[in-house]
Amino acid sequence: MLLLALGLGAEGLVALGELPIVEGVAWLLVLAAVDLAESRLLRRVPAREWMAVAHVAVNLAVLGRLAWAFRAGDHPSLLLLILQVGATNIVLRRPVAYVVTTGIIGLYAFLIAFSPRLIPLPSPVPSEQLGRMVGQVATFVVASAGVAWFVTEVQRTLRDRENRLQNALDEHNSSARLAALGIQAAGIAHELGTPLSSIDMLAAEAQSYPDEANEALATLRDQVQRCRGILNRVRDQSARTISSETEGLGLALREWIDEWAAAGPGRAHIDVDIPPDVDVAFCRGSADDWRGVVWTGLDNALKAGAPLVVRARRNGAGVVVEVDDSGPGPSPEMLTRAGEAFFTAWPGGGGRGLGLFAARTFARRFGGDVILSRREGGGGRLEVRFGNLDSNTSTS
């Protein structure tokens, strides 16, 4: 608005050879003072619609007075008022914006009709000049209507997209909450599966060999305590943070594998190769959670086919555990979709498709990963990559 006013004044000085400098400067100072007062007010109170209307009214009043003083009512630069039409329709509500837009059109028409360069107008007004004035006003009206319609359509499109985005975010958040529940349920199921298998096996042995029942019952109590510990850990899971660590990773791996192998029949056919340099390794994440990841890998490998081979090796600052099975090997679909929630390729629906998904989600959260591949010569390989303290992890 200020640049438009200066442009009118400069044009008036060149074309007319005269310029009401005192009045022009006075009105510009008024406009600057109003803008300064508005900026200070907006620092203390939130913006209101009436403030925007008042701002537009002051700008139009000053511009109209300057155009009248400079005798530039029909100057082409006044078409820049169309910018004010656009800003008005962006900021204000539709009914208010239409009223203000009508006011802008009225000001433009008034300046065209009553502040021409030729003062006073000849009487009667020549038809050529009258036609030009009517054409200017009509052009401005059409342009204003087009700008108002365009801004309205853009805002409507943006609102629709925002609503669709919000709906998509709501659906995503809902799915994420369901997935989180599925992950927690899968983790609990896998962690409880090993001690419950031990309990079932020991109970059967106690029935078959009553003389050894006392030893079996003592082991049963240990397994029950382990189940209770798992449930307590899940209950208190919110207190655990990303800063938890697992030390002595090689020793822990041997212990986890031994516990898993002792939990049920058919698990003794496993060859373990964990070199000593893995014993001193440590990683991000709690040992209980990493144990669940390893057990998930062993469970899936056992379903694919025994015997199993477990190898651990250092990989830079991290550790990689390879679990090889003796099955036919994963299909291309399994390699593509392994780790998806609720995807299972076991015959007869022997799984709910959450175990590998939960394991991979946890591992990636702590800088690791779980990767399924097909070995040369047949069979599958599940790599459990442990996150080390030097890796960048995400807590989301």
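The values are calculated or read from the model by the stated rules, or taken from the named source; none is laboratory data. Keep in mind it's a predicted model, so treat the numbers as computed, not measured. Quick reminder, even Gly has a Cβ in these numbers, built from the backbone with ideal geometry, and neighbours come from all protein chains shown.
Some notes on this structure:
Table: residues versus (1) within 39 Å of the chain's Cα centre (by Cα); (2) at pLDDT below 90.
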{"residue": "Asp236", "(1), (2)": "yes, yes"}
{"residue": "Thr241", "(1), (2)": "yes, yes"}
{"residue": "Glu245", "(1), (2)": "yes, yes"}
{"residue": "Trp256", "(1), (2)": "yes, no"}
{"residue": "Ala262", "(1), (2)": "no, yes"}
{"residue": "Phe282", "(1), (2)": "yes, yes"}
{"residue": "Ala301", "(1), (2)": "yes, no"}
{"residue": "Val310", "(1), (2)": "yes, no"}
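- Meets criteria (buried (at least 21 other Cβ atoms within 10 Å of the Cβ), among the small types (Gly, Ala, Ser), out of contact with any Phe, Trp or Tyr (no Cβ under 6 Å at 6 or more places or on another chain) and in the same structural domain as Glu255 (by TED's automatic domain parsing)) for Ala363: yes
- Search result, residues across the range 258-295 that are closer than 15 Å to Glu322 by Cβ, out of contact with any Phe, Trp or Tyr (no Cβ under 7 Å at 6 or more places or on another chain) and part of a helix (DSSP H, G or I): Val278
- Among (1) in a helix (DSSP H, G or I); (2) farther than 30 Å from Ala359 by Cβ; (3) at pLDDT below 85, the one test that Gly187 misses: (2)
- Of all the listed residues (Leu181, Leu192), the sole one being part of a helix (DSSP H, G or I) and modelled with pLDDT under 70 is Leu181.
- Test: residue in the range 374-383 that is modelled with pLDDT of 90 or more, surrounded by fewer than 16 Cβ atoms within 10 Å (Cβ to Cβ) and not in a helix (DSSP H, G or I): yes
- Qualifying residue in the range 34-41 (condition: aliphatic (A, V, I, L, M), modelled with pLDDT of 80 or more and assigned to a helix (DSSP H, G or I)): yes
- Among residues of the range 332-346 that are assigned by TED's automatic domain parsing to the domain that holds Gly297, those with a Cβ under 7 angstrom from a residue that is surrounded by fewer than 12 Cβ atoms within 10 Å (Cβ to Cβ) and charged (D, E, K, R), sequence gap 6+ or separate chain, pair up as Ala345/Glu333.
- Evaluation of Ile104 against the conditions (1) of a type in the set (A, V, I, L, M); (2) within 16 Å of Val142 (Cβ to Cβ); (3) at pLDDT below 85 shows that the sole unmet condition is (3).
- Within the range 296-316, restricting attention to residues that are touching an Asp or Glu at 6+ places or on another chain (Cβ under 7 Å) and part of a helix (DSSP H, G or I), the residue that is farthest from Glu245 (Cα to Cα) is Ala304.
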